[in-house]
Ligand code: ARG
């Protein structure tokens, strides 16, 4: 849609012998005046030393002389100080909506296809999943779904944290308590990790011992490996259960430990490329750059006790992914606070001949805070486990009104998911946000329940049986009708922007705006007892398109549709 308008403006620029530029069409913030605006006259005014208003007027006059172009506009004018205001014709709007109806995926412009590995989730084995694990899972899953929708070849990897200090701590605890390998279960692990990590904070020699166990585990100690395999199995099962509840899934269930077999090859290549050097008995890769404003310390490849670290496994994992999938890009959906770590890893990867061509993107996310503005805690001061968060949310929603109590368990689970995910994904992922269960469970406001309610209510008045081959006529019947149609035209740009920025929030906001306009349409236009058959047919098609778009976008935000609410 936008491309067509762009090409009309471009044509008139050429006719007037202006240098062609990247044409930028913006959505008007005064929909009462026009649908879109072009502000390029200001840039051209600078380069040609003319008045922007005059330039705008010339462009408008040129377009007005072109009959073929003018069928697309109901109104086009230049207003001071130099904006070109564009109002689309009903014909133009409906032709594009008809293309959205006929073509696959709403006729959205697709980017070039690339192979992309996306690394998200990243839960740590043997530690219980808490609120902090929510964002990497759902922001990542949503970005993955957006990539797939945009025809990218995607490989998702959970990249479990399975070879860190927590393994040594938990193994030590199990040995101390004489727990037999076959008796290890999730309850034992959930209790043991907080206990051991607390003790290690107080007891330096215990911590050293646990580090040593971790190191020996990494070196292949047989007994520790047996414990490790069982811990991995038990913990993975529980992590999977939670991800299943959230409808988050992965192609690969690899972990840090899986990258170990690539370390010898990687080390060879690092030596060949002359990248490893010794510093304080450790092996490091210098990643500083002359232009750095603050110091970027070297990546520690092998610690002085010969252990490999977080940076090593990440570098080895890039190497592994290159060999196995040859990706164009690797995306990391990780806490913002790991920014420095990824700067080091990315720079090291760029130095290595076999991985230097892979584009690496750090997609950071902020923290979930409580209503007090501090990191989200339960009343007793603990970071809530995810299971408890789900339960609390369900109870809050059920208590909102009595009808909610009679919903089926599976609809309630769908709603819990919708509440949590929409609360999260509507925020720019880089920002912290306040998780307020009360507010986000409401059916009014910018919430998951509001959007689902709108969807279900609209779906109810959609005619069944009408199909995609039906076309809209050229008529638009009133302002609420027109606003809704214009919003649907913006879908292409919206999804492309969300894709480019890796920002599910762009889709979440669009979905909310679309819901508001759908409700306004609903209030104004009564579908029942409509005498006018043409109108009835048009509105049926329009509402079907609207609900199809909503459903598709909800799916990109990992939100399912309940049977009722
Ligand atoms: N396990 C890590 C953590 O909890 C996150 C993993 C992110 N991905 C990665 N390739 N490092 O902090």
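The values are calculated or read from the model by the stated rules, or taken from the named source; none is laboratory data. On a predicted model such as this, the values are computed, not experimentally measured, just so you know. Positions of Cβ are backbone-derived with ideal geometry, glycine not excepted, and every protein chain shown enters the neighbour counts.
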- Message: Exactly one condition in (1) in contact (Cβ under 8 Å) with a residue 40 or more places away in the chain; (2) more than 30 Å from residue 135 (Cβ to Cβ); (3) under 27 Å from the mean Cα position of the chain (by Cα) is false for residue 26; which is it?
- Response: (1)
- May I ask you to list pairs of residues, at least six apart or on different chains, whose Cβ atoms are under 6 Å apart, with the first in segment 65-87 being without any contact (Cβ under 8 Å) to a residue 60 or more places away in the chain and the second being part of a loop (DSSP other than H, G, I, E, B) and surrounded by 20 or more Cβ atoms within 10 Å (Cβ to Cβ)? 85/34; 87/34; 87/35
- Taking only pairs six or more apart or across chains, which ones have beta-carbon atoms under 6 Å, a first residue in segment 149-163 that is on the phi > 0 side of the Ramachandran plot and at pLDDT 95 or above, and a second residue that is more than 9 Å from the ligand (Cβ to nearest atom) and assigned to a loop (DSSP other than H, G, I, E, B)? 151/110; 151/113
- Members of segment 273-292 that are under 15 Å from residue 347 (Cβ atoms) and not in a strand (DSSP E or B): 273, 275, 286, 287, 288, 289, 290, 291, 292
- Within the set of pairs 6+ apart or on separate chains, which have a first residue in segment 310-332 that is without any contact (Cβ under 8 Å) to a residue 40 or more places away in the chain, a second that is more than 10 Å from the ligand (Cβ to nearest atom) and assigned to a helix (DSSP H, G or I), and C-beta atoms under 8 Å apart? 311/344; 311/348
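Please report, ordered by residue number, the helices (runs of 4 or more DSSP H) entirely within segment 454-565 with at least 1 residues that are more than 22 Å from the chain's Cα centre (by Cα). Break it down stepwise before answering.
Numbers: elements: 479-489, 491-501, 504-524, 533-556.
Filter on segment 454-565 gives 479-489, 504-524, 533-556.
Does segment 144-153 contain any residue that is within 16 Å of the ligand (Cβ to nearest atom) and crowded, with 20+ Cβ neighbours inside 10 Å?
Narrowing segment 144-153 to residues within 16 Å of the ligand (Cβ to nearest atom): 144.
Imposing the further condition that a residue be crowded, with 20+ Cβ neighbours inside 10 Å reduces the set to 144.
Yes - at least one qualifying residue is present in segment 144-153.
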- Task: Specify the residue that is nearest to the ligand (Cβ to nearest atom); the eligible residues are those in segment 344-357 that are in a helix (DSSP H, G or I) and closer than 16 Å to residue 312 by Cβ.
- Result: 345
- Every residue from segment 352-368 that is under 19 Å from the mean Cα position of the chain (by Cα) and touching a residue at least 40 places away in the same chain (Cβ under 8 Å): 360, 361, 363, 364, 365, 366, 367, 368
- Note on the structure: Over segment 160-191, the set of residues within 16 Å of the ligand (Cβ to nearest atom), touching a strand residue (DSSP E or B) at 6+ places or on another chain (Cβ under 9 Å) and assigned to a helix (DSSP H, G or I) is 166
- Considering segment 108-130 alone, what residues qualify as being more than 8 Å from the ligand (Cβ to nearest atom), closer than 21 Å to residue 245 by Cβ and in contact with a strand residue (DSSP E or B) (Cβ under 6 Å, 6 or more places away or on another chain)? 118, 125, 128, 130
- Somewhere in segment 294-311, is a residue under 23 Å from residue 267 (Cα atoms) and in a helix (DSSP H, G or I)? yes
- Can you tell me how many residues in segment 320-336 are in a helix (DSSP H, G or I), within 13 Å of the ligand (Cβ to nearest atom) and buried (at least 17 other Cβ atoms within 10 Å of the Cβ)? 2
- Note on the structure: Quick count over segment 15-56, residues being surrounded by fewer than 18 Cβ atoms within 10 Å (Cβ to Cβ) and over 20 Å from residue 490 (Cα atoms), is 16
